[in-house]
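Working notes, beginning with the structure itself.
The values are calculated or read from the model by the stated rules, or taken from the named source; none is laboratory data. Only a predicted model underlies this, so the values are computations on that prediction, with no experimental measurement involved. Heads up, the Cβs are rebuilt from the backbone with ideal geometry, glycines too, and the neighbour counts pull from every protein chain shown. Note: accessible area is taken over every heavy atom of the protein model, side chains too, but ligands, DNA and RNA are not part of it. Shrake-Rupley method; radii C 1.70, N 1.55, O 1.52, S 1.80 Å.
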Amino acid sequence: MSSLGTKIDAITWLKEIIEEVNTNIIRYAEEHVDANGLGTTLVCAVLSKDYLIFANVGDSSGFVFKSGKDHTLVNVLVESGELRPEEAENHPQKNVLMKALGAAENVDADIFDVETSVDGIFLCSDGLTNMVTKEQIERVLNDNTLDIEEKVDKLILKSNLRGGNDNISIAYLSREGVV
């Protein structure tokens, strides 16, 4: 058993925290008239020596990198047969949120169990992925001439130069010795 508990413990904890955040957003919106309709997306990851789990609500994205290849949450859906590759790339309603924190009393986050032997974990909001393609993200993250901060800065700059019409949030974790 990991110091973070079992994989089931981590999934249960993630679901509880996401429900708590959702409840707090709804409560805030009810108490502040100017926050009517407030909602947000979420992507997060829990990594231990035994497991890697992503949680997703809305259209923020999570990527894992291994030997230069990325596996997106959309690709997990494609691999499971729930979505065809051509639908994943250019889905006409890719920005329509079926789930968002603060949109309903109960939130059903998608939980993905991913292999742990990865070189990096990259989490970002759709403010980045709507302006920069997965391939462009992959090229920047695989550029060994840049350190982590330079990679993140370059991605934000690329997004902003293409219009940057939404907030950009990025979290990038790279295995020690792998940039």
Is there any pair with a first residue in the stretch 100-113 that is without any contact (Cβ under 8 Å) to a residue 12 or more places away in the chain and more than 10 Å from Ile18 (Cα to Cα) and a second that is surrounded by fewer than 20 Cβ atoms within 10 Å (Cβ to Cβ) and among the charged types (D, E, K, R) whose Cβ atoms are under 6 Å apart and which are 6 or more apart or on different chains, and what are they?
none
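Conditions (1) part of a helix (DSSP H, G or I); (2) more than 17 Å from Ser61 (Cα to Cα); (3) open to solvent by less than 50 Å² (accessible area, probe 1.4 Å), marked per residue:
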residue	(1), (2), (3)
Met131	no, no, yes
Glu135	yes, no, no
Asp143	no, yes, yes
Glu150	yes, yes, no
Leu157	yes, yes, no
Gly164	no, no, yes
Asn167	no, no, no
Since Leu73 meets every condition but one in (1) at pLDDT 75 or above; (2) touching a Ser or Thr at 6+ places or on another chain (Cβ under 7 Å); (3) buried (at least 17 other Cβ atoms within 10 Å of the Cβ); (4) of a type outside the set (Gly, Ala, Ser), which condition does it not meet?
(1)
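Given the criteria modelled with pLDDT of 90 or more and either more than 27 Å from Gly5 (Cβ to Cβ) or among the hydrophobic types (A, V, I, L, M, F, W, C) (or both), does Lys94 qualify? Even if it seems obvious, please write down each step before you answer.
Details: modelled with pLDDT of 90 or more: no; either more than 27 Å from Gly5 (Cβ to Cβ) or among the hydrophobic types (A, V, I, L, M, F, W, C) (or both): yes.
Considered against the rule, which asks whether it is modelled with pLDDT of 90 or more and either more than 27 Å from Gly5 (Cβ to Cβ) or among the hydrophobic types (A, V, I, L, M, F, W, C) (or both), Lys94 comes out as no.
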